[in-house]
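The values are calculated or read from the model by the stated rules, or taken from the named source; none is laboratory data. All figures in this text were calculated on a predicted structure; none of them were measured in a lab. Backbone-built Cβ (ideal geometry, glycine too); neighbour counts: all protein chains shown. All accessible areas refer to the heavy atoms of the entire protein, side chains included, with ligands and DNA or RNA removed. Shrake-Rupley method; radii C 1.70, N 1.55, O 1.52, S 1.80 Å.
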Amino acid sequence: MDQTFLLEPDIIAATENVMPDLNNELVVAKNFLKQQSAATGDSLYDHLVDVVHKILSHKPPDVVDNFEQYSWEVKQEKFRPNFDLLNDIYLSPPQLTMVRRVDEMFRLVSSKWEKMDNLGEDEQELDLEEDSVKPRVADLIDHNYYFRQGGYGLPESECFAVYIALNMLAIKEPVATVRFFGKIFGTKANYYVAETDLTIEELDRRIREFELKDMPGEGLEETRAVDAEEQKELMGEGEGHEEKPKEPVPPKLPPLPVSTWQPPPAIPHERPGQGANKKVYWVCHLPGEPWVCLPDVTPEQIRVARNIVRCMTGDLDAEVLSFPPFNGTERNFLRAQIARIAAATCVSPQGFYTYGSGEEEEDIDMEEGGGDMDFNPNPFYQGHTIKDLLDSNLTYWVHHGRCILKQGRTLWWNPNMGMEEGLEEEEDDGPPPVEPEVGPPLFSPLSEDARVEGLPAWSPRISTNLAPDRALAVLRSNIWPGAVAYATNGKKSECMYVGWGHKFRPPNYSPSQLPRPQDEYVIGPEVMEMADPTFADEEAYRIAHLPPVPLPVLGEGEGEGFGEEDEEEDE
């Protein structure tokens, strides 16, 4: 068998004639770089990819000089312990939620204007004719500019967000007018308050619901009669009932004392669209959150709110713990405080508002309900000078908020109305007539307000002394800290409240004392306890009430024999 042997020079010559394969060499080199480390499990290939990616993303100068630093940073980011998750969890900043809400409001309001731009000329004219039906939103940005000139108002960013939120309220809810009432602080969250007038359709619907609540249900008397018959049958008083055996009659006891106290009649609360419920108020915690409608206020809630002091928490469903006890949650207490603030701090220059259209003011009778009539801005108002508005007597400022009486209503209600009608038929002497309570009329000047510790109820001041022609008059309430109003020498005026919802009290506040315990009954024979009898008394009573001993009855034979013996003895 022949064998061929290649010498070393022949092998070298054979390899020199073979062309190198670049793809094969790249595969071999890549596999070599992808060899994983026994300690970390990483490869040089992946590390170089990460380093190059980091350098290309940052694009720093002088990469060659800092290459080792970038390599070390890549290793440090990659080989951290498994329990370190701080860099893996994304925590959104707290401002992001508010920004998203505001962005949603902006899109909602901007879509309305884009719709107007896309309409034709004829459609735009029809839309302009319907503007009287659309909600009217007060220009908060314009009013806040003047409040800022006087040193009050909201920050510009917050003001713009609230203004967009008011527009969102006008679009989503059945309201006719929208005005920013103010801001009430809370321990956990604040309340932005919007004052609105309902549309005619929504107001009629609420009035019907209010009347149905006070109206008795149909067939109530028949139901009561049926219940009475069923009760008689259960008690055995119906027809055909079986006679039960008579039981021994217990001893007659003196009657228990009966209380003659009668609770005072409940004061009815005013219907929607009247008095303290003339306006409807909506609240939200932050601009962009949904608006929540506050319920109507009752006279009892206003009366109790005057006797307690409580900070808002920001939770509408929070319980109100106080004495006297408050009937409702924080949403009812907030509504009562808003009614009190609106009645005392809604002020404007004299003549700024007028009844109706301002043409038939002389025909209005205030006693027939003029105090609850609607009023509108006076189209003929020409404004007052700054000197008159800054007068210390405040005769050029008036209240346009309806005064709340001690009853908790704006219109007085006679509690003896039903009793007087019944007594007139019987011609008996009834209770003495109640003198009706009368409050200050609408548009009463601020000069009649009570003073607080020697100070007037309102403090006027000018916004600036550098340019009196461009200055404005600002009023600050001393009774409700946080209530302010402004007026220019033109036709602009507005009021706002930003505070905690507390009224200033000259003396230190002290809660109402609990009532005294009820007195015991007067000691007398009717209620006096008797001493327990002794054994001797009980025995004597038993012996005295023993039945009499019956006499013995004699027979017929015994009687005859006894008679004969007597005769024999007589013989």
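Amide hydrogen proximity for Val452: with H placed 1.01 Å from N in the peptide plane, the residues at 5 or more positions away or on another chain lying under 5 Å are Ala457. Computed on protein heavy atoms with a 1.4 Å probe, the accessible areas place Ser71, Ser259 in the order Ser259, Ser71, largest first. Reachable lysines from Lys78, Cα under 19 Å, same-chain residues fewer than 8 places away excluded? The reachable lysines, counting only those whose Cα sits under 19 Å from Lys78, are Lys34, Lys54. For Thr354, nonlocal amide neighbours, meaning residues 5 or more places apart or on other chains whose placed amide H falls under 5 Å from its own, are Asn376, Asn378. With each label modelled as a point 7 angstrom along the Cα→C-beta vector, the Glu538-Thr260 pair spans 4.1 nm. Peptide packing for 167-180, 146-159 was compared via the average number of neighbouring C-beta atoms within 10 Å per residue; ordered from the highest value, the list is 167-180, 146-159. The heavy atoms of Leu551 offer some 150 square angstrom of accessible surface to a 1.4 angstrom probe.
If R0 equals 30 Å, the separation of the Cβ atoms of Phe380 and Ala467 corresponds to a calculated FRET efficiency of about 0.60.
Remark: the Leu551-Thr177 segment gains 124.1 nm on full extension, using 0.36 nm per residue and subtracting the alpha carbon distance. Straight-line reach from Lys183: which lysines have Cα under 16 Å away, leaving out those fewer than 8 places along the same chain? The qualifying lysines are Lys503.
Each residue of the range 283-299 was assigned a 3J(HN,Hα) from its phi angle through the Karplus curve 6.51 cos²θ - 1.76 cosθ + 1.60 (θ = phi - 60°); the sequence is 9, 8, 7, 9, x, x, 6, x, 6, 10, 7, 7, x, 5, 8, 10, x Hz, with glycine and proline shown as x. Here the spin labels are modelled as points 7 Å beyond Cα on the Cα-Cβ line, and at Asp519 and Glu158 they lie 5.6 nm apart.
Rounded to the nearest Hz, the phi-derived 3J(HN,Hα) couplings of the range 142-156 under the Karplus curve 6.51 cos²θ - 1.76 cosθ + 1.60 (θ = phi - 60°) are 5, 5, 5, 4, 6, 4, 5, 5, x, x, 10, x, 9, x, 4, where x marks glycine and proline. For Ala189, the residues 5 or more places off, or on other chains, whose built amide H falls under 5 Å of its own are Gly314. Note that the range 170-180 has calculated 3J(HN,Hα) couplings of 5, 7, 8, 10, x, 10, 9, 9, 9, 9, 7 Hz, one per residue in order, obtained from phi through the Karplus relation 6.51 cos²θ - 1.76 cosθ + 1.60 (θ = phi - 60°); glycine and proline are x. Step through the table entries Lys172/Lys278; Lys188/Lys406; Lys172/Lys279; Lys213/Lys278, compare each Cα-Cα distance with 25 Å, and write down the pairs that go over it. Going by Cα-Cα distance, Lys188/Lys406 fall outside the 25 Å limit.
Would you mind getting me the FRET efficiency between Glu289 and Arg208? Use the beta-carbon distance for r and R0 = 51 Å, nearest 0.05. After rounding to 0.05, the efficiency reads 0.95.
With N the number of residues in the range 130-181, Rg(Cα) / (2.2 N^0.38 Å) evaluates to 1.22. Put a dot 7 Å past the Cα of His400, heading toward its Cβ, do the same for Leu26, and the two dots end up 8.3 nm apart.
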